[in-house]
Amino acid sequence: MARAAIRDRLDMHSAAQAFASMMIVTAIAPIIAPSLGAWVLMFYEWNMIFVVLMGCGLLSLACVHFLFKETLEPERRLKLNFQQVLSLYRTIFQDPSFRRPLYASCFSGAVMFCYISASSAILMDRYQLTEQQFAYAFGANAFGIMLFSTLNKRLAGRFSILQRLKIGTCLQSAGVLGLILLGCLDVDSVFWVLLGMFIVVASIGFTGPNAMALAMAEQGERAGTASAIMGSMQFFCGLLGGVLLNFLIWHALLNMALIMLVFVGISAWAIFKIKMPILKNA
């Protein structure tokens with residue numbers, strides 16, 4: 001619903017910056033979560049982790065109830081039955097101004113799930129990183145998303161949303177191709193592998209906010225439904241990546257890089273199919 005609320009309140013260019021800010025906040029979680037969890041375990045048993053999670057959930061619920069106000073005017077709200085909802089889903093999917101940025105966002109973001117699924121096998125099993133070193137590497141990539149999201153906001157005055165989206169795709173493609181080369185050569189240096197992963201994951205700071213802004217730009221009163229579709233598709237693509245990794249026969253790094261290549265290729269195809277006349281303000 002956060003995406004829909006941003007769409008209701010802001011124009012497309014301001015929404016892109018708001019989505020970038022949202023991604024910065026989201027990326028903070030993987031950095032502080034391990035430290036917070038370790039701090040809890042210093043004083044309590046492991047089951048206290050679930051109590052803390054419940055507290056976070058209740059705090060979020062309270063914030064939504066007391067602080068999050070309705071952003072869509074009453075006259076623009078849609079009251080739909082189940083059949084109308086299905087019809088609305090079909091209508092939204094048939095809209096190229098939504099569908100193409102949706103594919104760009106979901107498949108470029110799905111590489112993050114590929115990284116999460118395969119990184120422990122690559123970094124800890126193949127390159128013998130310790131648990132603490134692995135946590136640092138994971139945090140560095142989360143910091144990369146924050147860094148690139150901030151850079152994306154800084155470049156808003158110099159490049160259009162579509163141009164910044166293409167910049168992110170080019171960076172992500174370069175990182176994936178580098179990982180494929182490293183996987184084929186089976187290099188012993190973990191530095192280059194970490195660098196390739198950093199570029200691929202951090203580039204989401206460019207692709208995610210701009211693709212979301214483009215996808216939501218023309219949705220109007222359908223923003224809530226469009227946001228729900230986007231959220232569902234993101235997790236579906238991530239799940240798909242994790243499943244496909246189990247069917248490849250090579251070593252973990254090459255398997256991950258090949259799935260990433262497919263996803264980034266689909267994302268790039270969708271981005272370069274976006275036509276300027278479709279997006280009036282891009």
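The values are calculated or read from the model by the stated rules, or taken from the named source; none is laboratory data. Just so it is clear, the model here is predicted, and its values are computed rather than measured. Heads up, the Cβs are rebuilt from the backbone with ideal geometry, glycines too, and the neighbour counts pull from every protein chain shown.
Under 9 Å between Cβ atoms, at least 6 apart or on separate chains: pull out the pairs that start in the stretch 88-109 with a residue that is in the same structural domain as residue 229 (by the TED database) and end on any residue that is outside any helix (DSSP H, G or I) and modelled with pLDDT of 85 or more.
108/203
Please return the ranges of helices (runs of 4 or more DSSP H) entirely within the stretch 1-100 where 1 or more residues are at pLDDT below 80 and closer than 30 Å to residue 139 by Cβ.
Once the helices (runs of 4 or more DSSP H) in the stretch 1-100 are filtered for at least 1 residues that are at pLDDT below 80 and closer than 30 Å to residue 139 by Cβ, what remains is 2-9, 12-43, 48-67.
Any chance you could count how many residues in the stretch 230-251 are farther than 14 Å from residue 107 by Cα and either among the aliphatic types (A, V, I, L, M) or outside the structural domain of residue 112 (by the TED database) (or both)?
Looking only at that region, the number is 4.
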